[in-house]
Structure formats: structure tokens, C-alpha cells
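Data block below; observations after.
What follows is calculated from the coordinates using simple rules that are stated; it is not laboratory data. A quick note: this is a predicted structure, and the numbers were derived from the prediction, not measured. Neighbour counts are summed over all protein chains in view; Cβ atoms, including those assigned to glycine, are modelled from backbone coordinates with ideal geometry.
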Amino acid sequence: MARPVAYNLIKKPLEADISLAEMPEGSMGEGFFATSLNKVIGLARKNSIWPLPFATSCCGIEFMATMGSHYDLARFGSERVGFSPRQCDLLMVIGTIAKKMGPVVKQVYLQMAEPRWVMAVGACASSGGIFDTYSVLQGIDQVIPVDVYVPGCPPRPEAIIDGVIRIQDLVGKESLRRRNGEKYKGLLESYGIQ
Amino acid sequence: MTNERIKQRLQEKFTDQLTGFDEPFGMLTFEASKELNLKVLNFLYDDEELKFRFLTDLCAVHYPDNAGKELAVVYHLHNLEDNVRIRFKVFTGIEQPDVYTASGLFSAANWMERETYDFYGVNFIGHPKLKRILNVDEMDYFPMRKEFPLEDQSRVDKDDEMFGR
């Protein structure tokens, strides 16, 4: 039976068998390669982020699509979605957080080991969204520091992937001393952590 | 069992203490003074003919313009044998919103009264554990009362003109 729409008619040439991360700047000679430790660690970290999804509502459904085969977040080194905060690097808060849920989000954040990053996915997690009401937390940045906000209600999987790429960018460029600095400590103290 | 029969049976027992008989959408509704609420509920439960032994819902309504009777506590009762439902209201002032608890008669009233307290501040006398059930414990007001705006007042980033507050 003839199908109304034919798929995959155009053969796409395979560009490379394995996609490799870009090499950092450095000096290279025969048998050695010299670069700064910052860059090597940044490179390793950014391409092996373990996300911890904290999905509470409809944005979570979009996240499931993002993890699925079609959008495939695994391409960015985030194959392994961990459900233990002890093992994960990236807390993805996906969906509405009620005020009663606020302490739970904070608890999960505190259980994560440094270095840790936070992504607020969707309008509700970023700002309370349409739920401008007495029972909903008006953005998770009231309880924990946030690195990347993904707008949308709900955001499409492409937007979530864009957020992950921005997180990767932050992770790759982060100085190794940042988490020991006064500025970072001051940030955590402003949230009453430590 | 008809609404007329229920009304007649109630009036035989309580004479003129029950007021405001009405039948919105065919559901018998009446009021009593708040001191009488347990007597009426007990009568409806125990009476061999009425047998309203299932508490479907318990909630409150705030009428800010109804001076001296600002809060209404509404009981929805169900006779499971004859499949008849009635609605029973008591009114209380907002200054001292004390109403006797129905949790001794209906176990279902326990959490519903906590919820009513949580949102409207109705003080159910004799309730075993009257504390907030749905909202955060730190909340220091009763959010469903009309004097409190729906929006979160802690927000500073929303321009009232743009967001139509």
C-alpha cells in the first residue's frame, strides 16, 4: 500500500562515526599535549553531566520527550539520568513548585555534592508562571541559586536541549577556584546554606 | 423520600429553629444557628426515617458583607439507602468563628474541618488536631477569606499595570 507521505527519501551522508569533543587550546608536540588543568577538567565535566530531574508537572512530559530517542539528550553526554542527588551534577527543576514543596527542593539541592548546577525549566519553576497565587513558590530562585532558566509554558524539547547546552557552556568555562571563592560563598549564604 | 417529607420531619423535631428552606436545583437546603449544628446533624443521622449517615462535603464560604454572619459552614449529607442529598448551613461571625466539631459523629469531618480551618480560619471546638493541612505551616493568614488578594503579595517583579492587578 502506498503511503501518503514518504519518509527518509534523501540519504544523509554520515559526517563522522563518533562525535568527538573539541580539543582545548594548548601546545602539542610528538607524544605530548600541554594545556591548563581548568580546560581539561571543564571538558570532562561538561560532556558527562548527570542530570537529576525534579519533575512535578507538564514540563516533565516535555523532559521525557527530551530524554527519548527522538530528541535524545544522551547525545550531549547526559545519558545517565540519576535519581539520587548524591551522584548528580545538574538539578533540573521541571514544573510548578508549591510553597510546601520549597523545602524539599532545597533539601535535594543540599544533598548534592559540589560542584552542582541548577536549571529551572519552564515558566513556573523560573517565576511562578501563571500561578501568581498564595500557594505557589514564585520561582525556585527564592530557595536555591539557579544557573540557567529555560522559558516556555511548557518549553519544547529543543528549548530544554538549548538550556543543557548553556549549562555545558557554564560548566566548561568554570574556574576550578570558583566554588572556593568568597563570591560563591556569599551567594550560598544569601540562601542560608552553610 | 421527598424533600417535603424531610422538611416536615425536621420541623416536627426543631419547630421553628430551622430557617431558610430552599431547593436550589432540587437539593433541599436549610440553615440553623451554629449552636444547633450538632443537634441537627445527630438527628439527621439517628432518625430511622431520614438516615443521613454519609458526610459528602464540609466547607466554608466567606460573605464579607453579611455583618455578624460572615462565615458559613456548609455540610453536604447523603442518605445512601434512598440516594437523597441535602445541604445544611450554619453561619458564624468572623470575630469569633467558633463552631462545634462534627468529627465525633463523622470521621470524614476530621480532615475536612482542618482544611476549612486552613483556608477560612473557622475554629472547630473539640476538634482533635486543628492545624493546617494543605498550606505551609508558616502561613499567618487564611487565604480564602475575601480580604486577601489571590495573587502572591511577595512578588516585586510584576508591574501591576501590565498584569492587570
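A few remarks follow.
- Restriction of the trypsin sites (Lys or Arg not before Pro) in segment A:14-96 to DSSP coil positions whose beta-carbon has at most 11 other beta-carbons within 10 angstrom yields A:R86.
- Placing unit charges on the Cβ atoms only, positive for Lys and Arg and negative for Asp and Glu, gives segment B:1-47 a dipole magnitude near 80 debye about its Cα centre.
- Using distinct alpha-carbon pairs, which all enter the 1/r mean, Kirkwood radius of segment B:3-150 in Å: 15.9
- For B:L28, nonlocal amide neighbours, meaning residues 5 or more places apart or on other chains whose placed amide H falls under 5 Å from its own, are B:R87.
- Candidates B:I125, B:I94, B:I86: whichever shows maximal mean-square fluctuation once chain B is modelled as a Gaussian network with Cα springs under 10 Å: B:I125
- Here's the list of lysines a cross-link from A:K106 could span, going by alpha-carbon distance under 22 Å and ignoring same-chain residues fewer than 8 apart: A:K183, A:K185.
- Amide H contacts of B:V84: B:N79, each under 5 Å away and 5 or more positions distant or on a separate chain (H built 1.01 Å from N in the peptide plane; Pro and chain starts excluded).
- Applying a DSSP loop filter and a limit of 13 other Cβ atoms within 10 Å to the trypsin sites (Lys or Arg not before Pro) in segment B:96-148 leaves B:K129, B:K131, B:K146.
- DSSP beta bridges in segment B:3-150 [antiparallel fraction, %, rounded to 5]: 70
- Applying a DSSP loop filter and a limit of 16 other Cβ atoms within 10 Å to the GluC sites (Glu not before Pro) in segment B:1-44 leaves nothing.
- When chain A is treated as a Gaussian network with alpha carbon springs shorter than 10 Å, the biggest mean-square fluctuation among A:L110, A:L90, A:L137 belongs to A:L110.
- Centroid-to-centroid separation of segment A:171-192 and segment B:5-69 [C-alpha atoms, Å]: 63
- Compared with the dominant principal axis of the Cα atoms in chain B, helix B:37-46 is inclined by about 40°.
- Reciprocal mean inverse distance between Cα atoms of the protein assembly as shown - Kirkwood radius, Å: 25.6
- The 3J(HN,Hα) values that the Karplus relation (6.51, -1.76, 1.60; θ = phi - 60°) gives for segment A:127-140 are, in residue order, 8, x, x, 6, 8, 7, 8, 5, 9, 10, 5, 8, x, 6 Hz. Gly and Pro appear as x.
- Which of A:I193, A:I10 has the fewest Cβ neighbours within 10 Å, and the rest in rising order: A:I10, A:I193
- Helical contribution to [θ] at 222 nm, DSSP H n ≥ 4, -39,500 (n - 2.57), averaged over chain B, rounded to 500: -6500 deg cm²/dmol
- Amide H partners (placed H, <5 Å) of B:R53, local residues excluded: B:H78, B:L80
- Karplus 3J(HN,Hα) series, Hz, for segment A:157-172 with 6.51 cos²θ - 1.76 cosθ + 1.60 (x for Gly, Pro): x, 4, 5, 5, 5, 4, x, 5, 5, 5, 4, 4, 4, 4, 5, x
- Evaluated with a Cβ-only charge set (Lys, Arg +1; Asp, Glu -1), segment A:27-126 carries a dipole of roughly 360 debye about its Cα centre, given to the nearest 20.
- Using just its DSSP H runs of length 4 or more, each adding -39500 (n - 2.57), chain A gives a mean residue ellipticity at 222 nm of -9500 deg cm²/dmol after division by all residues.
- Coupling constants for segment A:74-91 follow from the phi torsions by the Karplus curve (6.51 cos²θ - 1.76 cosθ + 1.60, θ = phi - 60°), and in residue order they are 4, 4, 9, x, 10, 4, 8, 8, x, 10, 10, x, 5, 9, 9, 9, 10, 8 Hz; glycine and proline get x.
- Of the residues A:G129, A:G68, A:I144, the one whose Cα sits farthest towards the positive end of the charge dipole of segment A:42-169 is A:I144 (charges of +1 on Lys and Arg Cβ, -1 on Asp and Glu Cβ, taken about the Cα centre).
- Every Cα-Cα pair of chain A was included, and the share exceeding 24 Å stands at 47 percent.
- Cβ-based charge dipole, the protein assembly as shown, positive-most Cα from A:P103, A:M119, B:Q11: A:M119
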